[in-house]
Amino acid sequence: MNIGKKFLILLFSSFVGIISNPELPFASDNVIPSDISGAVETVLEAPKPVETVSVVTKSVPATTTAPVTTVTPATPATPAPVTQSAPTPVATPQINRINIAGRSLEFVDVANTGVDSGNHVNRYNSKFYFGHNSAGVFGPLYNVSVGDTFSVTENGTTKNYQVKAVAIYEKVNDYTLRLNGQELKMSVVARARYSGVNYDISVMTCYGTSYGNGDASHRLVLFANAI
């Protein structure tokens, strides 16, 4: 018998043996070694197919840059020159004053001859000026004599006067005087009337014994006319 036939007979005998004894394992079966008690069946799971993720690449359109508009700033208008008008002069309030015996004294108009003159001079009925004989007011009035001059400034206008008579009266009360034993009303002196003669203005202050309260025993009165 030649070698080829022997090989076929051997191959056939092996096949028949396997069929008659199915418990013989194939070389491809998984077998647990005999030193492990109990047969453990190992199930090998077939590998799961790997999911293929399709990556879609989107093309991003290029950003379009908006055109830049250049704005030329407007040339500012040249302001018209400002014409400054001359400031309106502010009128300075006129202070009415009597300038006598080296004093320039403010005077104010009062309603009656009983109003205290304080540190200034009071004027009653536009022609009767009276004030205290203090050094800052009519104290120097004692030095004025007949023939002396003085002035009165009212509303910016100044008038000059000359003393024509000087009289000393005894005070009876606030509204009564006494001259040579004869009583007369203060209103007579306020009208610038003396010894039957009317003058333009009269100026009066305290005289004689001081009572210490701004009052005194007598009154010194000057009678004057405008010149």
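Derivation of every value follows stated rules applied to the coordinates shown; laboratory data play no part. Quick caveat, the model's predicted, so the values are computed rather than measured. Every residue, glycine as well, gets a Cβ built from its backbone with ideal geometry; the counts of neighbours run over all protein chains shown.
What percent of all Cα-Cα pairs in region 97-226 falls into each 5 Å bin, going from 0 up to the bin containing the maximum distance?
2, 11, 23, 27, 22, 11, 3, 1, 0
Label-point separation (nm) for residue 151 and residue 111, each offset 7 Å from Cα along Cα-to-Cβ?
Placing both labels 7 Å beyond Cα along the Cβ direction yields 3.4 nm.
Could you give the length gained by full extension between residue 173 and residue 78, i.e. 0.36 nm per residue of separation minus their alpha carbon distance, to one decimal place?
On the way: separation 95, 0.36 × 95 = 34.20 nm, distance 7.96 nm.
Gain on stretching residue 173 to residue 78: 26.2 nm.
Work through the residues other than residue 227 whose Cβ is under 12 Å from its Cβ and net out their charges, Lys, Arg +1 and Asp, Glu -1.
Its environment carries a net charge of 0.
Just grab the label-to-label distance for residue 158 and residue 210, each label 7 Å out from Cα along the Cβ direction, in nm (one decimal).
Going from the residue 158 label point to the residue 210 one covers 3.2 nm.
What distance in nm separates the simple spin-label points at residue 125 and residue 182, each placed 7 Å from Cα in the Cβ direction?
1.8
How high is the FRET efficiency between residue 226 and residue 195 when r is their beta carbon distance and R₀ equals 22 Å, given to the nearest 0.05?
Given R0 = 22 Å and the Cβ-Cβ separation, E is 0.65.
Treat the count of other C-beta atoms within 10 Å as a stand-in for reagent exposure and order 202, 126, 85 from fewest to most. Mind dumping the intermediate values first?
Details: 202 23, 126 8, 85 5.
In order of increasing Cβ crowding within 10 Å: 85, 126, 202.
Fewest to most neighbouring Cβ within 10 Å: what's the order for 219, 178?
Sorted ascending by nearby Cβ count, the order is 178, 219.
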